[in-house]
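K.L.:
This is the structure I want to talk about, given as structure tokens.
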Amino acid sequence: MTQNWSGVLIRHLLLVVAAGALLGLITGQYGWAIAVALAAYLGWSTWQLLRLHKWLKNHQPDEAPPDGYGLWGEVFDSIYHLQRRNQRARGRLQAVIDRMQESTAALRDGMILLDRDGNLEWWNQSAERLLGLKSPQDGGQPVTNLVRHPRFKEYFEGEDYREPLELPSPISDNLRLQFHITLYGAGEHLMLVRDVTRVHQLEQMRKDFVANVSHELRTPLTVIAGYLETLLDNVEDVNPRWTRALQQMQQQAGRMQNLLNDLLLLAKLEATDYPADNKPVAVDLMLLSIRNDAQALSGARSHRISLEADSKVKLKGSEAELRSAFSNLVFNAVKYTPDEGEIRIRWWADEQGAHLAVQDSGIGIDPKHLPRLTERFYRVDSSRNASTGGTGLGLAIVKHVLLRHRGTLDISSVPGKGSSFTCHFPPQQVESRA
Ligand code: ADP
């Protein structure tokens with residue numbers, strides 16, 4: 001029931017004044033009598049206020065307020081109900097938080113909330129298990145202090161989280177983790193950490209298998225190729241019917257050797273994330289020798305191969321790996337360009353980094369093949385491959401080498417007109433002399 005409390009208050013004051021007037025009638029001192037009545041009312045009100053203050057300060061959570069009369073009783077009850085309502089709402093919110101914490105604790109993936117500067121705000125139990133986080137000590141610490149891996153620091157600060165990052169766990173090298181980061185709110189980070197050890201082991205088994213088989217096949221093949229060479233060297237002793245067969249066997253043995261070498265090179269590239277050396281490589285000199293090799297490969301087909309290379313621009317990385325990637329691109333241009341075609345090799349640097357372009361006036365590639373061109377064994381026209389002697393692994397090697405040097409490959413091509421393969425390297429891989 002709602003009451004008009006201002007009316008009640010006025011009635012009470014009128015009653016107090018009337019009581020004072022009655023006292024004045026008896027004593028003959030009207031002024032004093034009304035003043036005494038009002039003072040008594042004021043004293044009573046102050047006493048109620050003190051009771052309220054005492055209860056607010058000292059009461060137990062469920063303790064009811066003291067009984068009050070009139071407006072004071074109403075104030076006591078209202079405050080009490082307000083408090084009960086707040087308690088119930090807090091209880092409901094706590095239940096929601098408890099459920100959320102139970103469900104994230106049950107998650108097998110680690111979940112970590114980081115502020116915009118990358119400091120730890122909250123994490124679940126799996127994150128403690130996978131990354132060795134300790135609560136509460138690690139709260140507020142920068143995540144790059146806790147996951148101390150140069151690639152993680154680079155990934156985190158690079159802020160390009162489209163692809164996840166895979167790394168060994170900071171607590172054990174046997175544990176392989178995949179990190180997914182999502183930005184939310186005002187630049188805060190949500191980081192999910194998944195245990196991918198099993199998938200990684202299977203992948204490792206596949207790589208080891210390919211590497212071992214390639215390695216084991218190498219010796220028998222060397223023996224076969226050796227005997228074939230001896231036989232062909234003494235071709236006059238051999239029945240002429242066999243000459244062509246022997247030549248074909250030698251050619252195919254050569255192809256198999258190239259294939260095994262490429263497979264072993266790929267296995268070596270996959271074994272580590274970074275090249276072992278990071279020395280500045282004189283790309284211009286390397287390209288000069290590749291150009292000479294390409295001219296030799298072209299031989300009587302007389303391609304016109306031009307080279308423009310900036311000798312001031314050096315690339316940090318592994319010379320052997322870069323040589324195999326660049327020579328793959330240049331030799332492909334020779335293989336897939338008709339006789340007397342034109343091939344242009346350029347090496348230069350600008351604000352975006354350093355670039356190598358190999359452009360040919362060859363047969364070109366249909367655009368539908370471009371996205372899959374760097375896949376292993378992917379060939380545009382497999383029938384032509386027998387004549388070019390390609391393994392189908394060349395561009396896969398190029399892609400891997402570029403990945404290890406933070407580079408990217410751009411391919412553009414017009415069928416019948418020619419192709420252009422361009423490698424881009426970011427500025428941090430480049431060393432330029434002014
Ligand atoms: P391959 O050993 O067969 O040359 P690659 O991985 O080097 O293998 O190349 C894959 C395929 O891409 C080739 O089979 C070829 O069809 C195509 N290709 C590569 N380079 C060129 C080029 N410069 N011009 C036209 N086609 C090319």
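K.L.:
All but one of (1) more than 22 Å from D195 (Cα to Cα); (2) in a helix (DSSP H, G or I) hold for D117; which doesn't?
P.N.:
(2)
K.L.:
Here is a further query. When the stretch 187-205 is examined, which residues are found to be open to solvent by 40 Å² or more (accessible area, probe 1.4 Å) and aliphatic (A, V, I, L, M)? Reasoning before the result, please.
P.N.:
Just the residues of the stretch 187-205 that are open to solvent by 40 Å² or more (accessible area, probe 1.4 Å), to begin with: 188, 190, 192, 194-195, 198-205.
If the condition is that a residue be open to solvent by 40 Å² or more (accessible area, probe 1.4 Å) and aliphatic (A, V, I, L, M), then L190, L192, V199, L202, M205 are the ones that fit.
K.L.:
So which residues in the stretch 12-48 are aromatic (F, W, Y) and either open to solvent by less than 50 Å² (accessible area, probe 1.4 Å) or within 23 Å of E74 (Cβ to Cβ) (or both), if there are any at all?
P.N.:
Initially, the stretch 12-48 is screened for residues aromatic (F, W, Y), giving 30, 32, 41, 44, 47.
Across the stretch 12-48, the qualifying residues are Y41, W44, W47.
K.L.:
Of the residues that sit in the stretch 286-329 and are β-branched (V, I, T) and not in a helix (DSSP H, G or I), which one is farthest from the ligand (Cβ to nearest atom)?
P.N.:
Checking each candidate, the answer is V313.
K.L.:
Identify, by number, the condition in (1) aliphatic (A, V, I, L, M); (2) under 30 Å from F156 (Cβ atoms); (3) not assigned by TED's automatic domain parsing to the domain that holds H180 that L52 doesn't meet.
P.N.:
All conditions are met except number (2).
K.L.:
The conditions are (1) surrounded by 12 or more Cβ atoms within 10 Å (Cβ to Cβ); (2) under 30 Å from V430 (Cβ atoms), and D208 fails exactly one of them. Which is it?
P.N.:
Unmet condition: (2).
Listed here are the residues, each with its yes/no results for (1) without any contact (Cβ under 8 Å) to a residue 24 or more places away in the chain; (2) in the same structural domain as L297 (by TED's automatic domain parsing); (3) more than 16 Å from L307 (Cβ to Cβ).
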site	(1), (2), (3)
V330	no, yes, no
D339	no, yes, yes
E342	no, yes, no
I345	no, yes, no
A354	no, yes, no
G364	no, yes, yes
K368	yes, yes, yes
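K.L.:
In the stretch 55-78, what residues are surrounded by 14 or more Cβ atoms within 10 Å (Cβ to Cβ), in a helix (DSSP H, G or I) and without any contact (Cβ under 8 Å) to a residue 40 or more places away in the chain?
P.N.:
The answer is W55, W72, G73, V75, F76, D77.
K.L.:
Among the residues that make up the stretch 410-425, is at least one of them over 21 Å from L263 (Cα atoms), charged (D, E, K, R) and more than 11 Å from the ligand (Cβ to nearest atom)?
P.N.:
Checking the stretch 410-425: at least one residue is over 21 Å from L263 (Cα atoms), charged (D, E, K, R) and more than 11 Å from the ligand (Cβ to nearest atom).
K.L.:
Restricting to strands (runs of 3 or more DSSP E) lying wholly in the stretch 330-434: which have 1 or more residues that are at positive phi, open to solvent by 20 Å² or more (accessible area, probe 1.4 Å) and out of contact with any helix residue (DSSP H, G or I) (no Cβ under 9 Å at 6 or more places or on another chain)?
P.N.:
No strands (runs of 3 or more DSSP E) qualify here.
K.L.:
Sticking with this one: Can you say whether N145 is open to solvent by 50 Å² or more (accessible area, probe 1.4 Å) and more than 19 Å from N119 (Cβ to Cβ), as far as the supplied structure shows?
P.N.:
no
K.L.:
For the stretch 212-226, how many residues meet the condition of being in contact (Cβ under 8 Å) with a residue 12 or more places away in the chain and of a type in the set (S, T, Y)?
P.N.:
Within the stretch 212-226, residues that are in contact (Cβ under 8 Å) with a residue 12 or more places away in the chain and of a type in the set (S, T, Y) number 2.
K.L.:
For the stretch 272-279, does any single residue satisfy the condition of being surrounded by 13 or more Cβ atoms within 10 Å (Cβ to Cβ) and assigned to a helix (DSSP H, G or I)?
P.N.:
no
K.L.:
Additional query: Can you tell me which residue within the stretch 345-377, out of those that are β-branched (V, I, T) and more than 23 Å from N292 (Cα to Cα), is nearest to the ligand (Cβ to nearest atom)?
P.N.:
Here is the first cut: in the stretch 345-377, the residues β-branched (V, I, T) are 345, 358, 363, 365, 374.
Right, trim to more than 23 Å from N292 (Cα to Cα) and you get 365, 374.
Details: I365: 5, T374: 7 Å.
It comes out as I365.
K.L.:
Condition (residue is touching a His at 6+ places or on another chain (Cβ under 9 Å), open to solvent by 80 Å² or more (accessible area, probe 1.4 Å) and either touching a residue at least 40 places away in the same chain (Cβ under 8 Å) or assigned to a strand (DSSP E or B) (or both)) applied to the stretch 256-263: is it met by at least one residue?
P.N.:
No: zero hits.
K.L.:
Out of all the residues in the stretch 90-109, is one or more in contact (Cβ under 8 Å) with a residue 12 or more places away in the chain, outside any loop (DSSP other than H, G, I, E, B) and closer than 21 Å to Q3 by Cβ?
P.N.:
no
K.L.:
Listed residues S135, S126; which is in the same structural domain as H180 (by TED's automatic domain parsing) and open to solvent by 50 Å² or more (accessible area, probe 1.4 Å)?
P.N.:
Checking each option against the conditions leaves just S135.
The values are calculated or read from the model by the stated rules, or taken from the named source; none is laboratory data. Small disclaimer: the values here were computed from a predicted structure and weren't measured. Here Cβ is always computed from backbone atoms with ideal geometry, including for glycine, and neighbour counts include all displayed protein chains. Ligands, DNA and RNA are stripped out before the accessible areas are found, and what is left, the full protein with its side chains, is counted by its heavy atoms. Shrake-Rupley method; radii C 1.70, N 1.55, O 1.52, S 1.80 Å.
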